[in-house]
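Structure first, commentary second.
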Amino acid sequence: MSDAAQGELSKHVVFSTPFKVVPKYEDWPTPSNYKSYPGVTYVPEKIRVWRVQDTGKTYGSVVSPGAGFGDSPDAEILTEGFNEGKGPHEAGVSRHGNFLQWGFNGSPKQMTDAGQKFFINCVVYIKKFDGKMPLIKGQTNHRSRASLLASYIPRITDKAFASQYFGKEVLAKFKGEPKDYAEALAKYCEDNVEFLYWDGGFHVDEDLKGFGMVSNRKIETLEKLIALQSDPLKKPVVDKILTRYLDPKQATPATVKKWLEENRDQVFFTDTGGYKFMAAPKGYLDLPTAAP
Amino acid sequence: VLLVLLRTSAGQATAATPKIAMKVLYASNYPKGASTARTMEFVTFLKAYFTEVGTADVEKLTAADVKNYDVLLLDAEAGEKSALDIPNITLPEDFSKPTVTIGVMGGLFTGRRGLKTGYM
């Protein structure tokens, strides 16, 4: 990552409490890596940024992968980071549970005035999360990476690469060597993105598609599956699907109806946490983050 | 906390500034060798804003060291061989103190713990 945060400030309290962060915006030419990043269909010619620090280098700081931050309520991106090596929406400063990652590497004297205030605000902000450990741990690839990984296949010499990331039945849909069908595989993943799940590799949930559902990550899907449990002919497959997407520490096909009734406002679906529906503990989500 | 700041040429709050009532612990390996300057700079910076600032060696850090602080800041310099050669930090998996992780070391540390803030 370079010296700059990317994008205009949001209304998040971290930009106003206790200090008002006043960035000096600049419009920088869009890095070529953004334009060529797999899955990106449009990027402007220039990107709005603001300097957090002045190290004089275009590297040395680090971004965290932006994909997946939004799939659990314990994590957030505070600002994206302008970079010349990764994707266009990676995290420059972010939080997961009680950990806040400041991706910039500069010392205080290298920070701009806005950067210093942002840093101090981050220290003040994270104090609110005392005891609020992450709800999930990243253990699986977010679905948005499926097409990205497929596009990498022609560039990877390891012949086992494709089978490490995609299920046998997925690869069996294509003929020839993986490098020859990588583009088609990437498109297949994009077309089926709402049905992708991870179980030792990416799979497409044909069971769920068979029931006419539109996504495996919507609470409405969970509700429809629970309703289908009353059909004795469908129940075996429904329970198989529910087992796939329930965290056994929280719910099983036998208990899911009651669990959902009791936790509806806390339920979320996480790809990176294992392609599961989970419920945040009561009170966990109470902290306001928007500025008044 | 409403603060009215007087600024120094370095952009930091002056000693006359009302400070934020927080205890922060800055842990790093910078006290070693030529990197002392960074530690001193961070400590001076933090002391301008917070009522109490402690320091610790990141390689010897334990959860007990952080017990009486509000926020832990983890900062460390990579080894000479590789930017990825960072200190082994042995905080427990259930460590729940508010923590700011900084730079490459922060990304690698949180990445090893399976956090979304990990190094890409």
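Per the conditions (1) crowded, with 19+ Cβ neighbours inside 10 Å; (2) under 20 Å from the mean Cα position of the chain (by Cα), the sole criterion not satisfied by residue A:37 is (1). Selection within the stretch A:125-137: residues that are of a type in the set (A, V, I, L, M, F, W, C) and assigned to a loop (DSSP other than H, G, I, E, B). The member of this set that is nearest to the other protein chains (Cβ to nearest Cβ) is A:133.
Considering only the stretch A:106-124, I want to know if a residue exists there that is closer than 21 Å to residue A:59 by Cβ, within 19 Å of the chain's Cα centre (by Cα) and either facing chain B (nearest Cβ under 8 Å) or modelled with pLDDT under 95 (or both). Checked the stretch A:106-124: no residue is closer than 21 Å to residue A:59 by Cβ, within 19 Å of the chain's Cα centre (by Cα) and either facing chain B (nearest Cβ under 8 Å) or modelled with pLDDT under 95 (or both). All conditions in (1) surrounded by 15 or more Cβ atoms within 10 Å (Cβ to Cβ); (2) outside any helix (DSSP H, G or I) hold for residue A:170, with the sole exception of (2). Taken over the stretch B:84-120, the criterion of being of a type in the set (Phe, Trp, Tyr), outside any loop (DSSP other than H, G, I, E, B) and at the interface with another protein chain (Cβ under 7 Å from one of its Cβ atoms) is satisfied by no residue.
The residues of the stretch A:202-251 that are assigned to a loop (DSSP other than H, G, I, E, B), out of contact with any Pro (no Cβ under 9 Å at 6 or more places or on another chain) and farther than 28 Å from residue A:163 by Cβ, listed by number, are A:211, A:212, A:214, A:218, A:230, A:231, A:232, A:233, A:234, A:249, A:250, A:251. Here residue A:245 clears all of (1) over 30 Å from residue A:121 (Cα atoms); (2) out of contact with any Lys or Arg (no Cβ under 7 Å at 6 or more places or on another chain); (3) surrounded by 20 or more Cβ atoms within 10 Å (Cβ to Cβ) except the condition numbered (2). The set of residues in the stretch A:40-55 being without any contact (Cβ under 8 Å) to a residue 40 or more places away in the chain and either in a loop (DSSP other than H, G, I, E, B) or within 13 Å of another protein chain (Cβ to nearest Cβ) (or both) consists of A:41, A:42, A:44, A:45.
Every residue, every condition in (1) surrounded by fewer than 19 Cβ atoms within 10 Å (Cβ to Cβ); (2) polar (S, T, N, Q); (3) in contact (Cβ under 8 Å) with a residue 12 or more places away in the chain, yes or no:
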{"residue": "A:165", "(1), (2), (3)": "no, no, yes"}
{"residue": "A:185", "(1), (2), (3)": "no, no, yes"}
{"residue": "A:190", "(1), (2), (3)": "yes, no, yes"}
{"residue": "A:193", "(1), (2), (3)": "yes, no, yes"}
{"residue": "A:203", "(1), (2), (3)": "no, no, yes"}
{"residue": "A:215", "(1), (2), (3)": "yes, yes, yes"}
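Residue-by-condition table, conditions (1) surrounded by fewer than 20 Cβ atoms within 10 Å (Cβ to Cβ); (2) in contact with a helix residue (DSSP H, G or I) (Cβ under 6 Å, 6 or more places away or on another chain):
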{"position": "A:27", "(1), (2)": "yes, no"}
{"position": "A:48", "(1), (2)": "yes, no"}
{"position": "A:78", "(1), (2)": "no, yes"}
{"position": "A:115", "(1), (2)": "no, no"}
{"position": "A:118", "(1), (2)": "no, no"}
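For the stretch A:138-154, the criterion of being in contact (Cβ under 8 Å) with a residue 12 or more places away in the chain, farther than 30 Å from residue A:49 by Cβ and within 14 Å of chain B (Cβ to nearest Cβ) is met by at least one residue.
The set of residues in the stretch A:248-292 that are acidic (Asp, Glu) and surrounded by fewer than 18 Cβ atoms within 10 Å (Cβ to Cβ) comprises A:261, A:262, A:265, A:286. Of all residues in the stretch A:217-229, those that are buried (at least 20 other Cβ atoms within 10 Å of the Cβ) and basic (Lys, Arg) total 1.
Filtered by the rule that a residue be assigned to a loop (DSSP other than H, G, I, E, B), more than 9 Å from every other protein chain (Cβ to nearest Cβ) and among the hydrophobic types (A, V, I, L, M, F, W, C), the stretch A:58-105 gives A:67, A:82. Screening the stretch B:20-50 for residues that are assigned to a loop (DSSP other than H, G, I, E, B) and within 11 Å of another protein chain (Cβ to nearest Cβ) and picking the one that is modelled with the lowest pLDDT gives B:30. The set of residues in the stretch A:1-25 that are hydroxyl-bearing (Ser, Thr, Tyr) and surrounded by fewer than 18 Cβ atoms within 10 Å (Cβ to Cβ) comprises A:10, A:16, A:17, A:25.
Checking each residue in the stretch A:234-247 for being aliphatic (A, V, I, L, M) and within 18 Å of residue A:209 (Cβ to Cβ) picks out A:237, A:238, A:241, A:242.
The values are calculated or read from the model by the stated rules, or taken from the named source; none is laboratory data. What you are looking at is a predicted structure, and each value in this text was computed from that prediction instead of being measured. Note: ideal-geometry Cβ built from the backbone for every residue, glycine included; neighbour counts use all protein chains shown.
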